[in-house]
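The values are calculated or read from the model by the stated rules, or taken from the named source; none is laboratory data. This is a predicted model, so every value here is computed, not measured. Heads up, the Cβs are rebuilt from the backbone with ideal geometry, glycines too, and the neighbour counts pull from every protein chain shown.
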Amino acid sequence: MKQRQLGPFTVSPIGLGCMNLSHAYGTPPDAQAAARLLQESLDLGYTLIDTAALYGFGANETLIGNTLAHHRREFVLASKCGMFRNAAGVREIDGRPEVLKQTVEDSLTRLRTEVIDLCYLHRWDKRIPIEDSIGAMADLVHAGKIRSIGLSEVSAATLRRAHAVHPIAAMQSEYSLWARNPEIAVLEECRRLGVSFVAFSPLARGFLGGELKDVTSLETKDIRRYMPRFEPENYSSNLKLYSAYANIATDAGCTPAQLALAWLLAKGTDIIPIPGTTSITHLQENAAAAQFTLSPEIIERLENLINQNTVHGARYNAATQAEIDTEEFA
């Protein structure tokens with residue numbers, strides 16, 4: 001795969017998001033299957049592995065540490081702090097400096113590494129000035145615990161404030177044909193500041209892959225059950241867009257999943273999608289998306305078909321939306 005710049009690092013143009021190897025989209029694969037997929041990702045040329053303290057409440061970092069510790073020099077390791085399982089055993093957002101530093105120490109132990117290449121503030125704790133949280137992460141850079149700092153799901157204004165404290169290497173937010181919010185302000189600010197952009201959920205949480213047809217079949221603990229866009233009525237409306245989308249993929253000579261990733265790659269050389277998967281077949285398919293170059297006509301057709309005006313339902317429910325700090329389309 002051709003390489004792209006991610007802050008101070010050079011990485012594959014498509015990275016691997018590891019969340020669903022441990023939680024979020026129903027029952028995760030067993031440890032052996034997940035380990036095989038991680039090992040195969042390196043063989044395929046993936047050089048960006050993305051995890052978080054939150055994923056599986058630490059289980060995802062442990063999986064990566066146990067599986068890839070002996071290959072540590074072969075990839076850029078990204079993790080996240082500031083959202084984790086607290087002492088009561090529940091998910092918590094906490095951006096206090098002492099908490100961030102302890103979270104990173106715990107992550108280093110689970111990941112079996114001395115340093116995290118790129119550490120994101122997973123969510124901005126709005127009770128704490130962003131300057132204080134980033135200041136604590138800057139201390140971790142100076143201590144050699146992390147190499148660079150990233151932000152996740154924050155606004156352009158918050159990015160500017162954070163960058164004034166310490167250079168921000170990367171911004172990570174949801175970005176796909178059906179989640180175009182970064183185009184409001186964040187992408188422009190990233191480019192002004194020289195910040196790389198990492199796109200999570202680039203396949204629209206499965207929608208653009210084409211395999212999810214019946215949302216009522218999702219497991220109870222699948223997070224999509226609590227997202228307005230996946231409510232049966234909204235999703236039924238969204239599915240009406242899919243046949244035309246699949247036809248565009250055929251015209252482009254690629255699969256629907258590859259089309260979604262190729263579109264993101266075409267939006268800028270500073271954009272790195274990180275699709276997740278539990279399937280080695282899909283892992284291979286996603287890697288191959290970097291081979292496709294879309295024509296301006298194909299890009300125009302895609303953007304006219306799927307955008308903030310044609311998709312039904314919000315990204316998040318009200319409670320989750322209140323936790324993030326991003327510009328959103330009305």
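With a cut-off of at least 2 residues that are within 28 Å of residue 68 (Cα to Cα), name the helices (runs of 4 or more DSSP H) lying wholly within the range 83-182.
97-111, 130-142
Collect the residues in the range 240-254 that are of a type outside the set (Val, Ile, Thr) and more than 17 Å from residue 311 (Cα to Cα), keeping them in residue-number order. It would help to see each step written out before you state the result.
Here is the first cut: in the range 240-254, the ones of a type outside the set (Val, Ile, Thr) are 240-247, 249, 251-254.
Of everything in the range 240-254, those that are of a type outside the set (Val, Ile, Thr) and more than 17 Å from residue 311 (Cα to Cα) turn out to be 247, 249, 251, 252, 253, 254.
Somewhere in the range 148-160, is a residue without any contact (Cβ under 8 Å) to a residue 40 or more places away in the chain, closer than 26 Å to residue 277 by Cα and touching a Gly at 6+ places or on another chain (Cβ under 7 Å)?
no
Is it the case that the range 18-32 has a residue that's hydroxyl-bearing (Ser, Thr, Tyr), farther than 19 Å from residue 289 by Cβ, surrounded by 17 or more Cβ atoms within 10 Å (Cβ to Cβ) and under 19 Å from the mean Cα position of the chain (by Cα)?
yes
Please go through (1) among the basic types (Lys, Arg); (2) more than 21 Å from residue 6 (Cβ to Cβ); (3) more than 19 Å from the chain's Cα centre (by Cα) for residue 205 and return the number of the only condition it doesn't satisfy.
Unmet condition: (3).
Taking the criterion of being within 30 Å of residue 23 (Cβ to Cβ), charged (D, E, K, R) and under 21 Å from the mean Cα position of the chain (by Cα), would at least one residue in the range 257-279 satisfy it?
We begin by selecting, within the range 257-279, every residue within 30 Å of residue 23 (Cβ to Cβ); these are 257-265, 267, 270-279.
From what is left, the residues that are charged (D, E, K, R) are 267, 270.
If we keep only those that are under 21 Å from the mean Cα position of the chain (by Cα) as well, we get 267, 270.
Yes, the range 257-279 has at least one match.
Are any of the residues in the range 54-66 surrounded by fewer than 21 Cβ atoms within 10 Å (Cβ to Cβ), in a helix (DSSP H, G or I) and of a type in the set (Phe, Trp, Tyr)?
yes
Which residue out of 224, 205 is among the charged types (D, E, K, R), in contact with a Gly (Cβ under 8 Å, 6 or more places away or on another chain), under 17 Å from residue 315 (Cβ atoms) and assigned to a helix (DSSP H, G or I)?
On the way: 205 fails: in contact with a Gly (Cβ under 8 Å, 6 or more places away or on another chain).
The unique qualifying residue is 224.
Condition (residue is within 28 Å of residue 190 (Cβ to Cβ), in contact with a strand residue (DSSP E or B) (Cβ under 8 Å, 6 or more places away or on another chain) and free of Cβ contacts under 8 Å to residues at least 40 places away in the same chain) applied to the range 38-46: is it met by at least one residue?
No, the range 38-46 contains no residue that is within 28 Å of residue 190 (Cβ to Cβ), in contact with a strand residue (DSSP E or B) (Cβ under 8 Å, 6 or more places away or on another chain) and free of Cβ contacts under 8 Å to residues at least 40 places away in the same chain.
Filter the range 292-323 for residues that are part of a loop (DSSP other than H, G, I, E, B) and among the charged types (D, E, K, R); which is surrounded by the most Cβ atoms within 10 Å (Cβ to Cβ)?
Applying the filter and picking the extreme gives 315.
From the list 236, 217, 152, 243, exactly one residue is crowded, with 21+ Cβ neighbours inside 10 Å and either over 21 Å from residue 93 (Cα atoms) or modelled with pLDDT of 95 or more (or both). Which is it?
Details: 236 fails: crowded, with 21+ Cβ neighbours inside 10 Å; 217 fails: crowded, with 21+ Cβ neighbours inside 10 Å; 243 fails: crowded, with 21+ Cβ neighbours inside 10 Å.
The conditions single out 152.
Return the residue satisfying two criteria in turn: it lies in the range 94-138 and is farther than 15 Å from residue 84 by Cα and among the basic types (Lys, Arg), and of such residues it is surrounded by the fewest Cβ atoms within 10 Å (Cβ to Cβ).
127
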